[in-house]
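First comes the structure, then the notes that go with it.
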Amino acid sequence: MKSTIILLAAIIKFTHCTELDFVSLLSEIADLELSEDGKLNFTQLVTKYGHTAEQYEVTTEDGYVVKVFHIPGKRSSVLLTHGLGTDADPYVIRGHDSLGIALADKGYDVWLLNNRGTKFSRRHIELDPDKDKKTFWNFSFHEMGYYDLAATIDFVLYQTGEEKILAIGHSQGASQFFALTSTRPEYNEKIKLFLALAPGAFFFNMPLLFQIGASAGPILLEIGKTLGIEELCRDRGALVTMIKTICTKGVISYEVCVRAAMFPFVGYNPTGLELSFLSTLFGHAPSGFARKNLEHYDQLYLRKKFAMFDYGVKGNLDKYGRRNPPDYPLSKVTTNVAIMSGKLDTLSLVHNGKVLKKRLPNVVHFEEIEATTHIDFIFSADAPKYLFPSIFRLLQKYD
Ligand SMILES: *[C@@H]1O[C@H](CO)[C@@H](O)[C@H](O)[C@H]1NC(C)=O
Ligand SMILES: *[C@@H]1O[C@H](CO)[C@@H](O)[C@H](O)[C@H]1NC(C)=O
């Protein structure tokens, strides 16, 4: 087994499929066909759509420096956390039809966390993400909750003088929220309502394609480890540059990047993600994350539990004092939680949203959203029609 992995790793290394030495060269010569909004950065987009954006750097207890964006408004604060492989950008890339800006248009005071490892938060007070790879990239959604989200909630409370805030998390943004509030229950007191959009926690009865991918996960991740790949989808890296180049070439890109590569995993909905939007989307996505994070998600699926990271028997005994990693104690998530599941979502399935609802003690609202896939929650052209009215009603009710 081990030798097969090393052999595969050597072949991949040789054929240059991954982030290796020619990284910066590729990004220099790549020609991306981006729209105006695909080229503008977060600050410039927010300004273009009528608001102002501020940036803060928040240092976590374990030394990571995460960037937090702020779109000031007069109403209560709402904190947004993003999904795996993205950062705060997608919350503003459809202008007034994106959640971040729509909330600002309603007068909310909007805060957006960029988790450790994303293109905005690739920093640590001591560790170098390139030289100290093994230690810098040693995190999953667990640390994004336990440290990044905790520090950001405290920072927002401190900045605004509020005692509690509203929060919304998409997919991994919900995983990290439940990791935090179950292990540090005092954070429940700081939240008025948490709205989980397509939460990533339970993965029962997954579609066949997902099962195949996730079952191959351990081997692929082991190859990555052998190759020394700790960081995935690095901004301006070879792989990301290649994806962006291929995915911004019109009709053919739509077939390759969306119909063939995206829809089978997240759900099929061409009206939510239209061809002309690709030249904006791929100016902003994907964003970096740790291999360990993917490994943690794969474990959730394989072990059928929303549990802490599995370090193997010896590692678990060292770290947790038991052979298996503990489940996150969801009974400790006492804050108000609302869950929204997309009817077309093939990654965070409606019935898994219901499983989560049963395990949490205080779910105040559960809703199935029409015509919505996993990614439609964040940047569907139809989100203002199917999703936003429910979100606004809930925020108002629990504010
Ligand atoms: C966007 O670009 C402007 C101009 O270069 C810069 O001042 C600003 O900090 C950038 N914003 C972000 C979020 O990187
Ligand atoms: C990664 O983190 C775990 C748990 O915090 C720790 O036990 C392990 O030694 C760390 N590994 C590295 C390479 O830093």
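Taking 25 Å as the straight-line reach from the Cα of LYS304, the lysines in range (excluding those fewer than 8 positions away in the same chain) are LYS225, LYS292, LYS314, LYS319, LYS332, LYS343, LYS354, LYS357, LYS358.
At a 10 Å Cβ-Cβ cut-off, how would you order LYS304, LYS67, fewest neighbours first?
Sorted ascending by nearby Cβ count, the order is LYS304, LYS67.
The order of the peptides 99-106, 192-199, 272-279 by mean Cβ neighbours within 10 Å, most packed first, is 192-199, 99-106, 272-279. Which of rounded, prolate, oblate describes the chain, given a ≥ b ≥ c as roots of the alpha-carbon gyration tensor eigenvalues and a/c under 1.5 marking rounded, otherwise prolate only if a/b is larger than b/c? Because its axes are fairly even, with a/c under 1.5, the chain counts as rounded. Spin-label model, ILE246 to ARG75: label points 7 Å out along the Cα-to-beta-carbon direction sit 4.2 nm apart. Summary value for region 157-208: 45 percent relative contact order, contacts being C-alpha pairs under 8 angstrom separated by 6+ residues.
Between ASP132, ASP345, ASP310, the GNM of the chain built on Cα springs shorter than 10 angstrom shows ASP132 fluctuating the most. Amide H contacts for GLY342 (H built 1.01 Å from N in the peptide plane; partners 5 or more residues away or on another chain; cut-off under 5 Å): ALA198, ILE369.
Give me the tail of P(r) for region 92-149 as a percent: Cα-Cα pairs with distance above 16 Å. For region 92-149, the share of Cα pairs beyond 16 Å comes to 57 percent.
For the chain, modelled as a GNM with alpha-carbon contacts under 10 angstrom, which of ALA307, ALA290, ALA261 fluctuates the most? Residue with maximal mean-square fluctuation among ALA307, ALA290, ALA261: ALA261. Once the dipole of region 146-278 is set up with Lys and Arg at +1 and Asp and Glu at -1 on Cβ about the Cα centre, which of ALA196, GLN159, LEU221 lies farthest towards its positive end? Result: LEU221, furthest along the dipole toward the positive end. Couplings 3J(HN,Hα) of region 354-370, computed from phi: 5, 4, 4, 4, 5, 7, 8, x, 9, 8, 8, 7, 9, 9, 9, 9, 4 Hz, in residue order, whole Hz [Karplus 6.51 cos²θ - 1.76 cosθ + 1.60, θ = phi - 60°; x for Gly and Pro].
Extension gain, THR47-ASP154: 0.36 nm per intervening residue step, less the Cα-Cα distance, totals 35.9 nm.
Whole-Hz Karplus values for region 101-118 come out as 7, 4, 5, 5, 4, 7, x, 5, 8, 9, 10, 10, 8, 10, 4, 3, x, 6 Hz, taken residue by residue from phi with 6.51 cos²θ - 1.76 cosθ + 1.60 and θ = phi - 60°; glycine and proline positions read x. Any chance you could check the Cα centroid distance between region 110-139 and region 314-341 for me, in angstrom? So the two Cα centres are separated by 23 Å. Under 16 Å Cα-Cα from LYS244, which lysines qualify once same-chain neighbours fewer than 8 residues away are excluded? Partners within reach: LYS39, LYS119.
Counting other C-beta atoms within 10 Å, which of HIS51, HIS96 has the fewest, and how do the rest follow? Numbers along the way, then the final one.
Values: HIS51 17, HIS96 12.
Final ranking by Cβ density, sparse to dense: HIS96, HIS51.
Given +1 at the Cβ of Lys and Arg, -1 at the Cβ of Asp and Glu and no other charges, the dipole of the chain around its Cα centre is 1120 debye to the nearest 20. Only helical runs count toward this figure. For the chain, summing -39,500 (n - 2.57) over DSSP H runs of n ≥ 4 and dividing by all residues gives -10500 deg cm²/dmol at 222 nm.
Using a cut-off of 15 Å between beta-carbons, work out the net charge of the residues near ARG75 (Lys and Arg +1, Asp and Glu -1, ARG75 not included). All intermediate terms of the calculation are to be shown ahead of the outcome.
Details: positive: LYS74, LYS106, LYS164, LYS192, ARG393, LYS397; negative: ASP105, ASP109, GLU162, ASP399.
Once positives and negatives cancel, what remains is +2.
Taking amide H atoms as placed 1.01 Å from N in the peptide plane, the amide H of LEU195 lies under 5 Å from those of ALA167, ILE168, GLY169, ALA338, each 5 or more residues away in sequence or on another chain.
Summing Cβ point charges (Lys, Arg +1; Asp, Glu -1) relative to the Cα centre of region 218-345 gives a dipole of roughly 340 debye.
Let a ≥ b ≥ c be the square roots of the eigenvalues of the Cα gyration tensor of region 102-242; is it rounded (a/c under 1.5), or, if not, prolate (a/b larger than b/c) or oblate? Taking the square roots of the gyration eigenvalues as a ≥ b ≥ c, region 102-242 is prolate.
Need one word for region 263-399: rounded, prolate or oblate. Basis is the Cα gyration tensor (sqrt eigenvalues a ≥ b ≥ c); a/c below 1.5 gives rounded, then a/b vs b/c decides. Oblate is the answer for region 263-399, as a/c is 1.5 or above yet b/c matches or exceeds a/b. The phi torsions of region 213-218, fed into the Karplus equation with coefficients 6.51, -1.76 and 1.60 and a -60° offset, translate into couplings of x, 5, 6, 7, x, x Hz, rounded to whole numbers, with Gly and Pro shown as x. Only one residue of PRO326, MET340, ASN316 has its Cα farthest out toward the positive end of the dipole of region 311-351, where Lys and Arg carry +1 and Asp and Glu -1 on Cβ, and that residue is ASN316.
Positive-end ranking of MET242, ALA307, LEU232 along the dipole of region 226-326, with charges on Cβ about the Cα centre, is headed by ALA307. Amide H contacts of GLY117 (H built 1.01 Å from N, in plane; Pro and chain starts excluded): ARG122, ARG123 sit under 5 Å, all sequence-distant by 5 or more or on other chains.
Calculate, for LYS314 and LEU275, the FRET efficiency according to 1/(1 + (r/R0)^6) with r their C-beta to C-beta distance and R0 56 Å; round to the nearest 0.05. Between LYS314 and LEU275 the formula returns 0.65.
None of the figures in this text is laboratory data; all of them are computed from the coordinates on show. If you're wondering where the values come from, they're calculated on a predicted model, not measured in any experiment. Quick reminder, even Gly has a Cβ in these numbers, built from the backbone with ideal geometry, and neighbours come from all protein chains shown.
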